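Read-outs: derived from the displayed coordinates by stated rules, not from any lab. Just so we're clear, the structure is a prediction, and the values are computed from it rather than from any experiment.
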Amino acid sequence: KKLSRAHYSLLEQLCHSHPSSIINTDVETFSHLFRSLEMGLRSLEVSISSQCASALDSLAAFCFNANSSMVQSQQAAAAAAQQAAAIAQANAGSAEAAAAAAAAAAAASPSNAYLHGNV
């Protein structure tokens, strides 16, 4: 019992303090950690299951925040590209410049990133 309490306490601290390190581990290590957390969630000891729930919450929050930040930066890039396209169209007056600027704006759009699996 002492060893399992220490193990799950360490896992909780690792997930809370170093979520990026946990997420960026190799697949085998990541799977082992998650199997261990799953076993802890099924524990009849409240302290162990609570620590595992807290660890998973920390990892989920990290992933959610990282994804939100990525989407926001992609939206800002798309807005800048659209603004550049509008300026290029106003200044150039040529259809070719406007088409090139529009293609750049479309490539920077967040929905395009989802289509190509870049998110």
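The table that follows gives values for the structure above.
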{"quantity": "Net length gained if the chain between SER36 and ALA66 were fully extended (0.36 nm per residue, minus Cα distance)", "calculated": "8.4 nm"}
{"quantity": "Length-normalised contact order of segment 1-78 in % [C-alpha pairs under 8 Å, at least 6 apart]", "calculated": "37"}
{"quantity": "For segment 12-21, 3J(HN,Hα) per residue [Karplus equation, 6.51 cos²θ - 1.76 cosθ + 1.60, θ = phi - 60°, Hz, x = Gly/Pro]", "calculated": "4, 5, 4, 5, 6, 8, 9, x, 5, 5"}
